[in-house]
Amino acid sequence: MKGVEVSNLTKRFRCGNGAIEAVKDVTLSLAQGEFAAVMGASGSGKSTLLHLIAGLTKPDEGAIRIAGIDVNELSDAALTAFRRQHIGLIFQAFNLIPSLSGEDNITLPLLLARARPDRARVDSLIARLGLEGVRGRQPDSMSGGEQQRVAIGRALVRAPRLVLADEPTGSLDSLNGRKLCELFGEITAESGATVLMVTHNPVVAFAASRFFILKDGRLVGEIDKTACPTVQDLNQAYFEIVEGARSEVGRE
Ligand SMILES: Nc1ncnc2c1ncn2[C@@H]1O[C@H](COP(=O)(O)OP(=O)(O)OP(=O)(O)O)[C@@H](O)[C@H]1O
Ligand SMILES: [Mg+2]
């Protein structure tokens, strides 16, 4: 089934007299249900790529198809409706609503869609994410990790077909980050969602099954987990690609 198809995507930001190419000619595709990680150093274009796929930023060149639909052909209103219905977003800064409780932050997408909350699903998500203790509390009283888990709950509450997660475990240590990503992978696998998760940390990325490596806005490598059975293998392959010692683009 068609998941996400990104072709020849380029995004430039104007800066002074010149422009920064934050994403350069990136082509990648994900089958529906795949869990992939986008890895790369700070400034390599990871967040920009995710924002482009979410239709939050318009590309200068290239196209994005989600379930066969070219998202940039949609009107703004149709794109917003499409995003609300099909995409779960987890931002690098969690973007929780400060005045709402943990539970109300999680169920906000249901309210926006005028959908009746599926109590059992909401309760199960809250329990699996370990958020019972914060369901009635506002974000400013939560730890960074709790806020991240609320942001994950909010992204998953409508069982979207595509989940875009930007450093969803950035405020956790590597191992707890990976555990949370594994849980996140389990919940999304149950609903058949495609997941694209950004991280610069190979230990966290290891929860995914495919890895795209960005460097200076370019896709410089692609690794399949079958080629890297351990975190150490992934770490080594990642650094070899980033250092230019090997190129895996196009390798299946
Ligand atoms: N709105 C913007 N205006 C100008 N430049 C931008 C903008 N957003 C990003 N950039 C630039 O584009 C490049 C890629 O930024 P991006 O945020 O995508 O990196 P990243 O890989 O997500 O980094 P990090 O790991 O630090 O979050 C950087 O050089 C950044 O300064
Ligand atoms: Mg970023």
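Every number here is computed from the coordinates shown, using simple stated rules; none is lab data. These numbers were taken from a predicted model, which means no experiment stands behind them. So basically every Cβ, Gly included, is an ideal-geometry build from the backbone, and we count neighbours across all protein chains shown.
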Residues whose placed amide H lies under 5 Å from that of Arg218, excluding near-sequence neighbours: Lys24
Paramagnetic reach from Ser99 (point 7 Å along Cα→Cβ, amide N under 17 Å) across the range 121-165: 137-141
The range 36-85-the range 114-187 distance, computed between alpha-carbon centres (Å): 22 Å
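Once you charge only the Cβ atoms, +1 for Lys and Arg and -1 for Asp and Glu, what is the size of the charge dipole of the range 29-97 about its Cα centre, to the nearest 20 debye?
Computed about the Cα centre, the dipole is about 220 debye.
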Sequence-separation-based contact order of the range 155-210, relative, with Cα cut under 8 Å and 6+ spacing, percent: 46 percent
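In nm, what is the difference between 0.36 nm times the number of residues separating Ser29 and Arg128 and their Cα-Cα distance? Could the numbers behind the result be given before it?
On the way: separation 99, 0.36 × 99 = 35.64 nm, distance 2.99 nm.
Stretched fully, the Ser29-Arg128 segment lengthens by 32.7 nm.
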Cα long-axis angle, helix 119-128 against the chain (0 to 90 degrees, to the nearest 10): 60 degrees
Computed magnitude of the charge dipole of the range 149-225 (debye, nearest 20; Cβ of K, R +1, Cβ of D, E -1): 160 debye
Viscosity 0.692 mPa s, temperature 37 °C, Stokes-Einstein D of the chain from Kirkwood C-alpha radius, µm²/s: 177 µm²/s
About the Cα centre, charge dipole magnitude for the chain (Lys/Arg +1, Asp/Glu -1 at Cβ), debye: 580 debye
Length added when fully stretched, Phe13-Asp60, from 0.36 nm per residue minus Cα-Cα: 16.0 nm
Which listed pairs, of Lys46/Lys179; Lys11/Lys58; Lys24/Lys215, have C-alpha distances above 19 Å, in listed order: Lys46/Lys179
Under 14 Å, Cβ to Cβ, from Ser42 - net charge with Lys/Arg +1 and Asp/Glu -1: -1
In degrees, nearest ten, helix 76-86 long axis to first principal axis of the chain (Cα): 70 degrees
Mean Cα-pair separation over length for the chain, i.e. relative contact order, pairs under 8 Å, 6 or more apart, %: 24 percent
Label-point separation, Asp173 to Arg116 (7 Å along Cα→Cβ), nm: 4.6 nm
DSSP-defined beta bridges in the range 2-242 - what % are antiparallel, rounded to 5: 60 percent
Highest-fluctuation residue, Met39, Met142, Met197 considered, GNM on the chain with Cα pairs under 10 Å: Met142
